[in-house]
Amino acid sequence: MALFDKIEVTPRDAATSAAIDGALSIRRVSKVYDPDGAGVVAVQDCSVEIAPGEFVAIVGPSGCGKSTLLNVLAGFDTLTAGEILLDGNPLASVSRPPQPGPDRVVVFQHGALFPWKTVLENIMYGPLRQKTMTNAAAEEKALDLLRRCGGLDTVASSYPAQLSSGMQRRVEIIRALMNEPKVLLLDEPFRAMDSVSKATMHRHLLEMYSLCRKTIVFITHDLEEAIYLADTVIVMTTRPGTVKKVLKISLPRPRLPQMMSSHEYLEIKRQVAEGVHEEAKKAFERGEREHA
Amino acid sequence: MRSSSAFVRWRKGLNWRGAVAVASFILLWQLLVRFKVPGFETIPTLSDVFSTFWTKYMLSAKYWKAWAVSFERVGYGFVISQVLGIPIGLLLGTRQMFHDVMFSVIEILRPIPPLAWVPISILFWPTNEMSIVFITFIGAFFIIVINVHDGVRSIKKEHLWLARSLGASPWRIFQRIIIPSVIPSIAVGMTLGIAVTWNVVIAAEMIASDTGLGRLTWEGYVSNTPAVVILGMISIGLAGYLSTKLVDYAEKKMMPWRKA
């Protein structure tokens, strides 16, 4: 709770960790999967402008191309039209082979901590591989991040399998933050969690976000989570995925759980819900059922 | 009071149902033989086996030599199968070219039972010892290859993606992501492999050798001393059990993250 107090007295723009870069510009991006001639359009003509340090949630029915978009952003997949710029520099385009990098780190839906490494080794992995830090410096920074993110330094020498799934996910976010990424990409990281753990994770994520303000692209199909966490909620249409609606969330920060029953929150929810339900219905009618 | 609590813990840890089952089995065996139930006329009792061991084998160099020889064959066959099988499995999983060339060959050779290799290996290898080690090797080789290959194919793509994101070179990814990911599959291959190795070495010794625990058992049959047959069988069981324990220990050392 001490962290909450700290957030309240820190004005957003005066925060020392305020993002100075991490502007993402997604311009008319399309992605067609064409494994055997029958072109499946996963993403179509999708354009989004994301400001440095902005928390953007992308909401849409399953199979709407959210994850495809994220994989293209991360450099795991190619795109078939359009381009993506990061701080004005080309990141992905048709002519560019996909290139992942430590400036855009993903936290995956099912988790991807290396099970054979301890928590500390997992977190130190990035800087050591990139040779941006010495072993001692990396260890110090890792322990510091762990300590600041809810006292996780006590589990530094544990293996991931010894942690709860919520702790694992937090460690994973810390591992990403360790690389000072410009953009943090979260692919439905809390999907498999019950509502209580989810609420706890939201609190931790918001704390981390206030500690080091990075641009966040957060993929989810949970509308309430999106509104509660994000500055901007982008609603995507069902396949072919494209931007249906962009909503600025004016709820003040720090976000607190009681806001979820505020008039403002409910009004935003009503507006977004219309769009999402329409798309979900379309997706359902097309027989594109939820698949895990 | 420490000793009494240790005693209580020992009593709790003791699987008394298992002990009763073993005792009942021995008693039943003794009774079936003693009352000459049809089929059991020529079977020795456990006490016969034990007295044979006590009077003739316990201090016999030949008996312990049989242990050593069989262990040596299993050891060579097993170690060579791992040393060759693990890299081949890794190559099959990571190099498409290697996979295309080798996989069909491996899939054709794999179903041939190790014992079907006995005649050709006796013809091929200059010494009997080499052919037995070779047959033992065959027993564990394909198992480890298939397990490692499968292990590489089931590596989480997120791990590979993430390692690339965080700046790992392809060689580093191989060393630090692919190898540790495959270790659990190697462990499975080793567990299955060591069991097969003992199966194979015993059969091979009966066919093609004049030493080893398999030969000892067979000689017991040929010389019409059934107590020796049973002694051989019990020895093989113990030897297999010991090797499994060794492999289990090695596996635990290989995967410290699994101890939780």
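Tabulated data for the structure shown
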item	result
Counted charge near B:L246, where neighbours are those whose Cβ lies closer than 12 Å (Asp, Glu -1; Lys, Arg +1)	+1
Exposed-loop-free span, longest in chain B, where trypsin sites (Lys or Arg not before Pro) count as exposed if DSSP calls them loop and at most 15 other C-beta atoms lie within 10 Å	B:96-258
Chain lengthening between B:W29 and B:L109 when straightened (0.36 nm per residue, less Cα-Cα)	24.6 nm
Theoretical gain in end-to-end length, B:S169 to B:M130 [0.36 nm per residue, Cα-Cα removed]	9.9 nm
Relative contact order, percent, the range A:116-180 [alpha-carbon distance under 8 Å, six or more residues apart]	49 percent
Estimated inter-spin distance, B:I207 and A:F284, nm [label 7 Å along Cα→Cβ]	6.5 nm
Translational diffusion coefficient (Stokes-Einstein; Kirkwood radius from C-alpha pairs) of the protein assembly as shown at 10 °C, 1.306 mPa s, in µm²/s	56 µm²/s
Mean separation of Cα contacts under 8 Å, 6 or more apart, over the residue count of the range A:65-138: relative contact order %	21 percent
Highest to lowest packing among A:155-163, B:99-107, A:269-277, scored as the average C-beta count within 10 Å	A:155-163, A:269-277, B:99-107
Alpha carbon centroid spacing (whole Å) that separates the range B:215-236 from the range A:57-121	66 Å
Summed residue charge, Cβ within 11 Å of A:C212's Cβ, Lys/Arg positive, Asp/Glu negative	+1
Sites matching chymotrypsin sites (Phe, Trp or Tyr not before Pro) across the range B:20-56 that sit in DSSP coil, with at most 10 neighbouring C-beta atoms within 10 Å	B:F35
Efficiency of FRET from Cβ geometry, A:E180 and A:T154, R₀ 25 Å, rounded to 0.05	0.55
Axial C-alpha extent at least 15 Å, average Kyte-Doolittle at least -1.0 - helices from chain B (DSSP)	B:16-34, B:61-94, B:96-109, B:128-153, B:179-208, B:226-254
Relative contact order %, chain B, counting alpha carbon pairs below 8 Å whose residues are six or more apart	22 percent
Within 10 Å of each Cβ in B:164-175, the average number of Cβ atoms from other chains	5
Loop-located trypsin sites (Lys or Arg not before Pro) in the range A:111-192, at most 16 other Cβ atoms within 10 Å (DSSP)	A:K131, A:R191
Listed residue pairs exceeding 20 Å between alpha carbons, taken from A:K117/A:K198; A:K214/A:K245; A:K245/A:K281; A:K141/B:K252	A:K117/A:K198; A:K214/A:K245; A:K141/B:K252
Label point distance in nm, B:N15-A:H110, each placed 7 Å from Cα along Cα→Cβ	3.4 nm
Net charge of Cβ neighbours under 9 Å - reference A:P90; Lys, Arg +1; Asp, Glu -1	0
Cα→Cβ-extended label distance, 7 Å offset, between A:L256 and A:A81, nm	4.8 nm
Folded to 0 to 90 degrees: helix A:135-148 orientation relative to chain A principal axis, Cα	80 degrees
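Just so you know, all these numbers are worked out from the coordinates, no wet-lab data involved. The structure displayed is predicted, hence computed values, not measured ones. Heads up, the Cβs are rebuilt from the backbone with ideal geometry, glycines too, and the neighbour counts pull from every protein chain shown.
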